[in-house]
1. Taking amide H positions as placed in the peptide plane 1.01 Å from N, state which residues far from Ser274 in sequence (5 or more) or on other chains have amide H under 5 Å from it.
2. Can you compute the label reach from Glu224? Point 7 Å from Cα along the Cβ direction, backbone N cut-off under 13 Å, restricted to region 356-390.
3. Using amide H atoms built in the peptide plane, which far-off residues or other-chain residues are under 5 Å from Val96 H to H?
4. Please report, in debye to the nearest 20, how large the charge dipole of region 267-356 is about its Cα centre when each Lys and Arg carries +1 at its beta carbon and each Asp and Glu carries -1 there.
5. Residue-wise, which Karplus ³J(HN,Hα) couplings in Hz belong to region 93-106, taking 6.51 cos²θ - 1.76 cosθ + 1.60, θ = phi - 60°, and x for glycine or proline?
6. By a straight-distance test (C-alpha under 27 Å), which lysines pair with Lys400 as possible cross-link partners, with residues fewer than eight away in the same chain excluded?
7. Which whole-number percentage describes the relative contact order of region 333-433, with Cα contacts under 8 Å and a sequence gap of 6 or more?
8. Please report Asp28, Asp455 as a ranked list, fewest other C-beta atoms within 10 angstrom at the top and most at the bottom.
Amino acid sequence: MLNKSAAEAALTKAVSTGGDFAEIFYEDTRRSRVSRTDDRLDTATASRHHGVGLRVYKGLNSVYVHSNDSSPEGLMKLARLAGEAVADKCENNLAVNLIGSVTPNIHPVEQLPMDVPGARRARLVGDACKAAKAYSNEIAHVTAAQFDWEQHVTIANTEGMFKSDTRVYTRMMIQAIASDGTVNQTGSAGPGGHIGFELFEKKIDAEEQAREAARVAVTMLHAENCPAGVMPVIIDGGFGGVIFHEACGHSLEAAAVAFGNSEFCGKLGQRIASPKVTAYDDGTIPNEWGSENIDDEGNPTTKLLLIENGILKNYMIDRLNARRMNMPVTGSGRRQDYTFAPTSRMRNTYIAAGEDDEEEIISSMAEGLYAKQMGGGSVNPLTGEFNFAVSEGYLIKNGKIDRPVRGATLIGKGGQTIMKIDRVGKKMWMAQGMCGAASGSIPTNVGQPMIRVTDMTVGGRK
């Protein structure tokens, strides 16, 4: 636990040389992982991660230092180092008085993963591997891993904040590889939540997830190569939202906007998307993968309206960039752990459900590509230019799904693509991922309903 009086002394010391704000982030995290490949148990590990970070502001300048020594002496050493880095001829005689407060928990946990026996975890991943292998004799290899972490944090700052929070995350990753001896194709699933081990009893069926991964692998094994060209594209829900996350979401983070490194700079109140598009970054959804009680700066999490009927309404803003932009924080300050300073990051970012019927979205399209599942890709936040792989795709002809195709990529620019959305389905769902940026790798959800883009450049093979 973070000692309150020691934190007060360290914060007082940190700003004594002229800083105008200081913050302590204390962390104690336990992690566990069990993984299996085919019929062999690969790993069964447990670890503990403990430390403290301290940062000091002087105007728009920020210094961050960290250590795994959270003792009063260790805190004071960090305070001296950070204070010296921002020192000027001024002296600050501020005496910090921390006031503790209770953080309401909106993510109930029934079964702490750390309390679950290793044999039960091993059986879970084993059953998933068996289910995927049994789907088809063309499934050559299967890997399954179950992992979780329990993070305890305390955040204190010179404004008197003294808040603690506990975050419990549980997830499973499954990958199935289908092979005909020459060509390999992969299917995967990665369900998870800000929840305990009851995830596998109340929310997901691990064996069904494994069979779904195997289905995609086998389907794509027998698919023909996707033709290239400019065509209408339907992108399904769930992980289809990765395009909005990468090509638009990062460009709406203050980490980009505050420095002019976003195509959406200076566009609040302007149309940046089709009138069909309303989008949120919502950290308040109970037990969702990207949700929180408080962010890593101690601010309450929020449901933030980003785009309303195509009009840009908000950016995602952390404390330091709030100073740069002269705008309020939005509960978006996040970090991987105490070794990273926080910055503005996404939580559960999604395009909201619309009013279009999913069957009509397909039937009203003469021909084009149906991207049922998306894979990885790359994006330039400054320009919004992206390139994403389609992990499960189908050609549409005469308003009907015709045949599976593989090797498709979607190429475009975020700002242009969301202006070309002409259909948004009625059912929205989300999928889990890990997002990497300046403050490390953090859990985020992406999501959307089925959407249709009037034309996109599709890369493929002849």
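Since every read-out is calculated from the coordinates, none of them should be taken as a lab result. No experiment lies behind these values; they were computed from the predicted model shown. Note that each Cβ is placed from the backbone with ideal geometry, even for glycine, and that neighbours are counted across all protein chains shown.
1. Met419, Lys420, Ile421
2. Answer for this model: none.
3. Thr12
4. Working: 12 positive and 12 negative charges, 96 e Å.
Around 460 debye, computed over region 267-356.
5. 9, 4, 9, 7, 10, 7, 10, x, 9, 8, 8, x, 9, 9
6. Lys276, Lys372, Lys420, Lys426, Lys427, Lys462
7. Here the relative contact order equals 28 percent.
8. Going from least to most buried by this count: Asp455, Asp28.
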